[in-house]
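What follows draws every value from the coordinates through simple rules; no lab data is involved. None of the values given here were measured: they were computed from a predicted structure. Don't worry about glycine lacking a Cβ; one is built from the backbone with ideal geometry, like all the others, and counts go over all protein chains shown.
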Amino acid sequence: MDVSVHEKNLDGTLKELRQASGGAWGGTCVDNKYINWLALLFGEDAIKKLKTKYMCEYFDLLRVFETKKRNILPDSKEFIRFKVPTALHDFNNDSDNNKLTKKLELMNLKDDVKVKRNAFNVSPNIVRSWFQYSIDKTVSHINGILTEPDMNGVNTILLVGGFAECQLVQEAVKKAVGERTVIVPDEAGLAVLKGAVRFGHQPGLVSNRCVKYTYGYGVHCPFDESKHPPEKMIISSYGERRVDNCFTKVVEIGSSVEVGKDIMDPFTCHLSKAGVTSFLIYASTERGPEYVDDPSSTYVGELVLDKPPGGTKEENEAQVYFAFGDTELKVSVKMLKTGEVLAKIVDCL
């Protein structure tokens with residue numbers, strides 16, 4: 001389940017106000033609740049056997065449940081019928097349903113579940129309980145976003161994806177967001193695919209994005225005895241005391257960036273006069289990471305530059321630029337003395 005916030009510009013393009021966020025609370029979460037409930041009745045071993053030995057029947061079970069999920073009403077009082085693979089009964093040697101009936105009695109579910117050979121009739125309260133965790137987490141996350149100060153202008157909620165077709169989800173979201181308009185397009189399950197196709201033909205539809213991580217690159221920063229451990233000290237090619245693997249931040253997590261526009265590193269750097277210089281690009285989940293080898297940092301890509309022609313720091317001074325595309329990051333390095341620009345595209349998919 002992903003939630004993002006966009007603003008429509010006057011020219012019809014979209015400006016992303018908040019990066020996508022969420023969790024594993026969507027339709028698959030409900031599927032797992034259903035499978036776990038079946039495991040309580042038939043046993044975990046029976047479910048494992050069904051997955052491994054009767055995969056077609058297992059996937060049929062999920063397909064039928066997928067259809068049922070979209071048609072369960074918030075106020076329904078009628079029992080809901082679910083087909084169950086015969087193999088689950090066979091694994092338990094329960095051809096006449098005796099074992100299952102006794103287990104339902106022990107679980108105090110005799111009045112809520114009616115058993116037939118290849119099907120269950122389940123009370124709507126039990127079925128709705130399979131959705132509750134997912135709905136609660138989704139609604140809580142949406143409300144948390146809407147209470148943020150810069151989200152006051154949000155007046156329309158658009159639900160897309162297969163789970164959006166579930167009426168339980170629609171009703172819960174409408175109730176939670178108050179007077180805001182909730183739109184569920186026809187064939188909401190296909191809306192994401194259609195949007196991806198349209199975006200492929202019109203990549204300029206999104207003019208601004210919110211970056212999901214803090215982006216930067218590794219450098220040798222000046223050594224400070226008061227805060228840097230001695231073992232991190234190195235001597236640069238210019239004979240200066242430096243600290244290796246420092247994280248130089250160019251863009252901070254959550255920042256709004258214009259697609260394709262260069263973002264200049266606020267500081268300049270100096271290429272090594274001893275040989276090639278490698279700009280190692282990193283992404284971090286922290287706002288102000290200190291080192292590129294911190295647990296929060298992930299290597300993204302590399303830009304390798306040949307040995308510069310200059311012999312002094314001034315001659316080898318460079319400016320770094322980042323530019324974010326639709327699915328990629330462009331890193332450029334401009335030599336300030338000569339004006340030469342070297343660049344590399346890093347795929348962020």
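Kindly identify the stretch 217-349 as rounded, prolate or oblate by the Cα gyration tensor criterion: order the square roots of the eigenvalues as a ≥ b ≥ c, call it rounded if a/c is under 1.5, otherwise compare a/b with b/c, prolate if a/b is larger, else oblate.
The shape class here is oblate.
By how many nm would the segment from V341 to N9 grow when fully extended, if each residue of separation counts as 0.36 nm and the alpha-carbon distance is taken off?
Working it through step by step, the gained length comes to 116.2 nm.
Label points 7 Å out from Cα along the Cβ direction at N121 and L40: separation in nm?
Spacing of the two 7 Å Cα→Cβ label points: 2.1 nm.
Loop only by DSSP, 10 or fewer other Cβ within 10 Å of the Cβ. Give me the GluC sites (Glu not before Pro) in the stretch 281-349 that pass, ordered by residue number.
In loop regions of the stretch 281-349 (DSSP not H, G, I, E or B), the sparsely surrounded GluC sites (Glu not before Pro) are E314.
Averaging sequence separations of C-alpha pairs under 8 Å and six or more residues apart, then dividing by the length of the chain, give the relative contact order as a whole percent.
Here the relative contact order equals 13 percent.
At a temperature of 25 °C and a viscosity of 0.890 mPa s, determine how fast the chain diffuses translationally according to Stokes-Einstein, using the Kirkwood radius over alpha-carbon pairs as Rh; express D in µm²/s, rounded to the nearest whole number.
99 µm²/s
What is the dipole size for the chain, taken about its Cα centre, with +1 at each Lys and Arg Cβ and -1 at each Asp and Glu Cβ, in debye to the nearest 20?
1360 debye
For Q167 and N98 in the same chain, what is the full-extension length gain: residue separation times 0.36 nm, less their Cα-Cα distance, in nm?
Net length gain for the segment: 21.3 nm.
Any idea which of M55, L100, V115 is furthest toward the positive side of the dipole for the stretch 46-143, if Lys and Arg beta-carbons carry +1 and Asp and Glu beta-carbons -1?
Of the candidates, M55 comes out farthest on the positive side.
Averaged over all directions, how much area does the convex hull of the C-alpha atoms of the stretch 308-349 cover when projected, in nm²?
Over every viewing direction, the Cα hull of the stretch 308-349 projects on average to 3.0 nm².
Between the DSSP loop rule and a limit of at most 15 other Cβ atoms within 10 Å, which GluC sites (Glu not before Pro) in the stretch 5-50 are left?
Qualifying residues, ordered by number: none.
Scan the chain and report its longest stretch carrying no chymotrypsin sites (Phe, Trp or Tyr not before Pro) that are both in a DSSP loop and have at most 16 other Cβ atoms within 10 Å.
The answer is 80-237.
Mind checking the stretch 61-137 for GluC sites (Glu not before Pro) that DSSP puts in a loop (not H, G, I, E or B) and that have at most 14 other Cβ atoms within 10 Å?
Those satisfying the criteria are E78.
Give me the distance between the Cα centres of the stretch 92-166 and the stretch 238-275, rounded to whole Å.
49 Å
Taking 0.36 nm per residue of separation and subtracting the Cα-Cα distance, what length does fully extending A87 through D2 add?
27.0 nm
Could you run the Karplus curve 6.51 cos²θ - 1.76 cosθ + 1.60 with θ = phi - 60° over the stretch 256-271 and give me ³J(HN,Hα) per residue in whole Hz, x for Gly and Pro?
Couplings: 8, 10, 7, 4, x, 8, 5, 10, 8, 4, x, 10, 8, 10, 10, 6 Hz.
Quick check: from the Cα gyration tensor, does the stretch 33-131 come out rounded (a/c under 1.5), prolate or oblate?
oblate
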